[in-house]
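> This structure is in structure tokens; I'll ask about it shortly.
Please treat every number below as a calculation from the coordinates, not as lab data. Computed from a predicted model, the values in this text were never measured in an experiment. Positions of Cβ are backbone-derived with ideal geometry, glycine not excepted, and every protein chain shown enters the neighbour counts.
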Amino acid sequence: MVAVSERPTVQTSSSVSRGVTVPYACADLGISTSLGYELIARDEFPCRIIRAGRRIIVPRAELDRVLGRADHQQEGSDAA
């Protein structure tokens, strides 16, 4: 029997995603994914989006701002 070692799942600032998928953002916003895509098509999605080819990315900082969780995103930017 071969032992399987588990990788640690410690998140560092470099491993935290700066953007999330539309389904992830919709789940956080409490709306369905289909409604999220409809709002994007009508340019009414509550967050700014980034289009990268066919991909749609929601900036995590923007999602956190809309949800009132922007405090932890600004910690690194306060130090100059």
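> Enumerate the amide H contacts of CYS47 below 5 Å, restricted to partners 5 or more residues apart or on another chain; note that Pro and chain-start residues carry no placed amide H.
Hits under the 5 Å cutoff: none.
> Taking only the alpha carbons of segment 19-68, what extent do you get along each of the three principal axes, in Å, biggest first?
Largest first, segment 19-68 extends 28, 20, 16 Å along its Cα principal axes.
> On to the next question. When ranked by the protection proxy of mean other Cβ atoms within 10 Å per residue, highest first, what sequence do the peptides 55-67, 21-33 form?
Descending packing order for the listed peptides: 55-67, 21-33.
> Spin-label point model (7 Å from Cα, Cβ direction): what's the ILE50 to GLU38 distance in nm?
2.8
> Shifting gears a bit: Under a 5 Å amide H to amide H cut-off, with H placed in plane at 1.01 Å, what residues pair with VAL20 once short-range neighbours are removed?
Those lying under 5 Å, H to H, from VAL20 are VAL58, ARG60.
> With a point put 7 Å past each Cα toward its Cβ, work out how far THR21 is from ARG69 in nm, to one decimal.
Computed distance between label sites THR21 and ARG69 equals 1.7 nm.
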